[in-house]
Amino acid sequence: MSILKEVEQKLLVAFRGAEIPLTEVKLLRSNRPDLGDYQLNDAMKLAKVMHKNPHEIALTMVSVLEDSGYFSSVSIAGVGFINLTFKDEFLLSAMNRFFADPASSYDLVSKRKVFLDYGGANIAKTLHVGHLRPANIGESLKRLARHLGCDVISDVHFGDIGRQSGMVIYEIRERYPNLNYFSGKEEKEWDPLPITAKDLEEIYPVASTKAKENEKIMEEVRRITAELEALKAGYVALWDKIKQISIADIKSVYQRLHTDFDLWEGESDCYPYIPPMLERLQKEGYLVDSEGAKVIEVKEDTDIAPMPSLVVVKNDGATLYATRELATLDSRMKRFSPDEIWYVVDVRQELYFTQVFRAAYKTKIVPSSTKLLFLGFGTMNGSDGKPFKTRDGNAMSLKTLLDSVKEEIKTHMREEITGKERDDIAEKIMIAAVKYADILPNRTTDYIFEPSKFIDVDGKTGPYLLYATIRMKSLLAKAKKQSLSYQKMYEVEEEKEIILLLLQKAEVLTKAFELKELNIIAEYLYQLTSAYNRFYEKHYILREENQKRQESWLVLTKMVYDTNVELLTILGIEIPEKM
């Protein structure tokens, strides 16, 4: 438990003892530092409950706060706002405990099992810039949830079935008709596949264009897709080979982003669950006939906007994406029994997931005790405000984007950094730049991708955070080389801004987790780092002659450094040795 949470709980007990009927105490950072470090605004809320004047209630609360021993100043502003200033002795004690026991700097959330669905890569298609945000947001949410004590299972949930499979198989058959996948027989040994991941990047767009421009080809694509779903041996074997090539390539890009998954499953993995699920839904009356199709009615009496039925089986008997979505939920509930399932998906899919969630609860595929969360994200846009594209109007591959930013970073690096070291450092700076820029906006907000702005070491950027953190590490290394010992803090006067920010870390992590808003962590990292940098510029820490002051400053540096490493790790950002 964090130090600030302990204070809040002790104050709650004291307030109840004084017959102040609070259910919780929440110390809020003051927006007027000249009046106090924190504030309490509960007197106004309690006025209706206690049928008293808020100022009168505030006076009783002030008496409790003054007796608590935590505060050097307690005052009332306005009709009942209470301003609080912590005693220096408390802040010193808190920081020394923080330094000795890092676990006192954050709060674990209630133990829960979370299933996290993010990534959304499609087999046989290259990852494009649209896959950046779900990778960054999903991976950071996973790391944050685990950091705060949750049991998390993550799944990339490949799009590994559907029209694109028929298109790719069609194009490969056109180019290599003699491969034994197309013999129509069950072969003992299937031919090696003469294509690479680079070939796949070109094959799908070509096949897609052909099918869209020629209805006969599109009809053949539909037939191949249907035969693949009906488990035609040659097509299944070929698609498995394609999946191996594609997944290896996709994993290599995710690896660059420091993104990994516990499960690398796809839509097709739910197929064994579809027949029994549909049989039960039909038997129990959840499937309704609608123009030959089977649908689940998901409209509720409170709906103001139209809410379409969820189509589960088409009028030709074929299943849909929604069918596979429900079967995947069925699979996840039966295999893992999660308390919560989070979907990190483009915000434009909110209506669809509302339909799926309602259908899942209505049909009891998911019990009401399990929370289904849609975590929508906005788009990364170009300078024109539209989704980021290449000059020819196509979606840019994620590899191309990462490589272009990396090359731009290399042009700003010191010349004495060369060879593999230069490439490795540029890669880490690039990932920090791209990830931080991606996470800094509110999750649901669209943002403009501006590489020259994101790589600036003097702005609110990933490289700025890296540079400052490396400098802290260097200072601590020099202190060690000089045999300077630091075990505790002795003073707080000039360090107070940083100390109050360090105390705030627990609230930042908890709030980011509860709201699923990683920009809260990104903003806090910038505030803490900037506050430390201002302090660093004013003081020559290694040349300070007052030993206790120097020790205090080194302890403070170590705590800020450790906090930066901790939070950058949650965001999936690695710190190079130098820049």
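The values are calculated or read from the model by the stated rules, or taken from the named source; none is laboratory data. Fair warning: this is a prediction, and the values are worked out from it, not measured in the lab. Here Cβ is always computed from backbone atoms with ideal geometry, including for glycine, and neighbour counts include all displayed protein chains. To get the accessible areas, we keep the full protein, side chains included, count just its heavy atoms, and leave off ligands, DNA and RNA. Shrake-Rupley method; radii C 1.70, N 1.55, O 1.52, S 1.80 Å.
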Output yes when any residue across region 44-57 is polar (S, T, N, Q) and in contact (Cβ under 8 Å) with a residue 60 or more places away in the chain, and no when none is.
no
Within region 290-308, of all residues that are touching a strand residue (DSSP E or B) at 6+ places or on another chain (Cβ under 8 Å) and open to solvent by 40 Å² or more (accessible area, probe 1.4 Å), the one nearest to Glu279 (Cα to Cα) is Lys294
Hey, any hits in region 319-326 for a residue that's free of Cβ contacts under 8 Å to residues at least 24 places away in the same chain, open to solvent by 20 Å² or more (accessible area, probe 1.4 Å), within 15 Å of Thr370 (Cβ to Cβ) and out of contact with any Pro (no Cβ under 9 Å at 6 or more places or on another chain)?
no
Among the residues listed as Lys399, Lys460, Lys435, the single one being in a loop (DSSP other than H, G, I, E, B), surrounded by 15 or more Cβ atoms within 10 Å (Cβ to Cβ), in contact (Cβ under 8 Å) with a residue 60 or more places away in the chain and not β-branched (Val, Ile, Thr):
Lys460
Looking only at region 196-224, filter to residues that are charged (D, E, K, R) and under 32 Å from the mean Cα position of the chain (by Cα); which one of those is farthest from Tyr170 (Cα to Cα)?
Lys198
In region 438-453, the residues that are over 19 Å from the mean Cα position of the chain (by Cα) and either assigned to a helix (DSSP H, G or I) or of a type in the set (Gly, Ala, Ser) (or both)
Pro451, Ser452, Lys453
When His147 is run through (1) modelled with pLDDT under 95; (2) surrounded by fewer than 20 Cβ atoms within 10 Å (Cβ to Cβ), the failure sits at (1)
In region 465-496, which residues are at pLDDT below 95 and assigned to a helix (DSSP H, G or I)?
Lys496
Subset tally (residues that are of a type in the set (S, T, N, Q), open to solvent by less than 60 Å² (accessible area, probe 1.4 Å) and within 28 Å of Lys216 (Cα to Cα)) for region 150-204
4
Going by what's in this entry, would Val109 be described as in a strand (DSSP E or B), touching a residue at least 24 places away in the same chain (Cβ under 8 Å) and open to solvent by less than 50 Å² (accessible area, probe 1.4 Å)?
no
Within region 26-52, can you find the residues that are in contact with an Asp or Glu (Cβ under 8 Å, 6 or more places away or on another chain) and open to solvent by less than 10 Å² (accessible area, probe 1.4 Å)?
Leu27
Does region 539-570 hold any residues that are free of Cβ contacts under 8 Å to residues at least 12 places away in the same chain and open to solvent by 60 Å² or more (accessible area, probe 1.4 Å), and which are they?
Tyr540, Arg543, Glu545, Asn546, Gln547
From the list Tyr532, Tyr524, Tyr536, which residue is open to solvent by 20 Å² or more (accessible area, probe 1.4 Å), modelled with pLDDT of 95 or more and within 32 Å of the chain's Cα centre (by Cα)?
Tyr536
With (1) open to solvent by less than 10 Å² (accessible area, probe 1.4 Å); (2) in a loop (DSSP other than H, G, I, E, B) as the list, and Gly120 as the residue in question, which single condition is left unmet?
(1)
Conditions first: (1) over 23 Å from Ile570 (Cβ atoms); (2) under 37 Å from the mean Cα position of the chain (by Cα); (3) small (Gly, Ala, Ser). Ser154 passes all but one, so which condition is the exception?
(1)
Verdict on Ala197 being in contact with a Phe, Trp or Tyr (Cβ under 7 Å, 6 or more places away or on another chain), in contact (Cβ under 8 Å) with a residue 12 or more places away in the chain and of a type in the set (A, V, I, L, M)
no
Checking Val13 against (1) part of a helix (DSSP H, G or I); (2) under 27 Å from Leu148 (Cβ atoms); (3) open to solvent by less than 30 Å² (accessible area, probe 1.4 Å), which single condition isn't satisfied?
(3)
Here are the criteria: (1) modelled with pLDDT of 95 or more; (2) assigned to a helix (DSSP H, G or I); (3) open to solvent by 60 Å² or more (accessible area, probe 1.4 Å). Tell me which single one Thr354 does not satisfy.
(3)
Assigned to a strand (DSSP E or B) and either surrounded by 21 or more Cβ atoms within 10 Å (Cβ to Cβ) or aromatic (Phe, Trp, Tyr) (or both): does that describe Leu375?
yes
Cβ contacts < 9 Å: first residue under 13 Å from Ser397 (Cβ atoms) and free of Cβ contacts under 8 Å to residues at least 60 places away in the same chain, restricted to region 238-261; second residue open to solvent by less than 60 Å² (accessible area, probe 1.4 Å) and in a helix (DSSP H, G or I), any location; separation 6+ or different chain. Result?
Ser252/Ala197; Ser252/Lys399
For region 512-521, how many residues meet the condition of being of a type in the set (D, E, K, R) and open to solvent by 50 Å² or more (accessible area, probe 1.4 Å)?
1
